[in-house]
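Structure record follows, encoded as structure tokens.
Quick note: the coordinates plus some simple rules give every number you see, no bench work behind them. Note that the structure is a prediction, hence the values are computed from the model and not measured. Virtual Cβ from ideal backbone geometry, glycine too; neighbours counted across all protein chains shown.
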Amino acid sequence: MAAWADAADALRVFVKEVKAGQSSFTQTVYAPNGTKPKVSSGRFEFQRPNRFRFSYVKPYVQLIVGDGVKVWFHDPDLNQVTVRRLAEALGSTPAALLASGASLDDDFELKALPDQGGLQWVQATPRQQGGTVLWLKVGFRPGARVPATFEMGDSFGQRSVLSLPDLREESSLPAATFRFTPPAGADISEQ
């Protein structure tokens, strides 16, 4: 188990050295008005640079695949696929921190925060202003090379928490994990 100076150092090591990983996830979105939070869960995989897969299973099945060039959003219930260019879809999101090959310190201002809830925290504020993401907080278990939790505040006043309880580092994942082929008859929209 390694010891980092602080969580900002741990995040830099994660982005630089961890090339692939996978975990179950729970995502909780808190509305600004305090209404009941929306909770979803599923499976997450990533491989640098810029490949990721969020397979939502609850409360609705949905798939988001970043293939290194585009991000594919598939809603099987509606048989709809939305396609966006990777740079436009990621911006300063947790997925960008998890899967990007970009320079962390070029894109974010990092600030170590006090330990809380058994985690070491760092705040990552996007250097480019005007996006929907205002701030990200990343929590690491002490000495871990992979994050346990992401929190994000957006310009709509929402706060989202992405928990990755069993994120494990991998040397690589099968290339097919990050390919998406729209199903026959799907309504496809490119943005």
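Numerical summary
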{"read-out": "Kirkwood Rh and Cα Rg combined as Rg over Rh, evaluated for the chain", "value": "0.95"}
{"read-out": "Estimated distance in nm for a label pair at D77 and K19, the labels positioned 7 Å out from Cα along Cα-to-Cβ", "value": "3.9"}
{"read-out": "Helix 7-17 axis, angle to the chain major axis (alpha carbon atoms, nearest 10°)", "value": "50"}
{"read-out": "Alpha carbon convex hull of segment 1-73, projected area averaged over orientations, nm²", "value": "7.0"}
{"read-out": "Given charges at beta-carbon only (K, R positive; D, E negative), |dipole| of segment 7-179 in Debye", "value": "220"}
{"read-out": "Loop-located trypsin sites (Lys or Arg not before Pro) in segment 125-191 whose Cβ has at most 13 other Cβ within 10 Å (DSSP)", "value": "R127, R179"}
{"read-out": "For segment 41-78 versus segment 131-189, the gap between their alpha-carbon centres in whole angstrom", "value": "9"}
{"read-out": "Lysine pairs in the chain with Cα atoms under 23 Å, if 8 or more residues apart or on separate chains", "value": "10"}
{"read-out": "Taking the convex hull of Cα positions in segment 141-188, its mean projected area over all directions (nm²)", "value": "6.6"}
